[in-house]
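What follows draws every value from the coordinates through simple rules; no lab data is involved. Being a predicted model, the structure only gives us computed values, none of them experimental. Virtual Cβ from ideal backbone geometry, glycine too; neighbours counted across all protein chains shown.
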């Protein structure tokens, strides 16, 4: 059975890179170019995992995560990987406190990205 991953990133290139890294696995992908569209998709389609960029226009990844983790929100329990090009541990700490399950720095290391996705998806099916 395939699992659906929602990739929320304002960079089309980054969305494509993530799909290439995860190619060959039993994953289907949904894409959103901003947090608003990502939240709308979560109301319409069940997903297994969300990968979200921290820095996006209007609603950033932290605000997206807070909306997602709010009581009664669609996808409230979906595992989330936050990604960013920002340096330092402050953003990782903020993301984890907001409810992220994993945190990856850009430029993404393909092996780390695959490991994080596989680990979170295997937990969600057990």
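Worth pointing out:
- Evaluation of residue 97 against the conditions (1) out of contact with any strand residue (DSSP E or B) (no Cβ under 7 Å at 6 or more places or on another chain); (2) in contact (Cβ under 8 Å) with a residue 40 or more places away in the chain shows that the sole unmet condition is (2).
- Single unsatisfied condition, residue 81 versus (1) closer than 20 Å to residue 14 by Cα; (2) in contact (Cβ under 8 Å) with a residue 24 or more places away in the chain; (3) assigned to a loop (DSSP other than H, G, I, E, B): (3)
- The one condition from (1) surrounded by fewer than 20 Cβ atoms within 10 Å (Cβ to Cβ); (2) over 11 Å from the mean Cα position of the chain (by Cα) that residue 31 does not meet is (2).
- Residue in region 12-28 that is farthest from residue 78 (Cα to Cα), counting only those that are surrounded by fewer than 16 Cβ atoms within 10 Å (Cβ to Cβ) and within 14 Å of the chain's Cα centre (by Cα): 16
- Residues (at negative phi and part of a loop (DSSP other than H, G, I, E, B)) located in region 92-112: 100, 101, 106, 107, 108, 109
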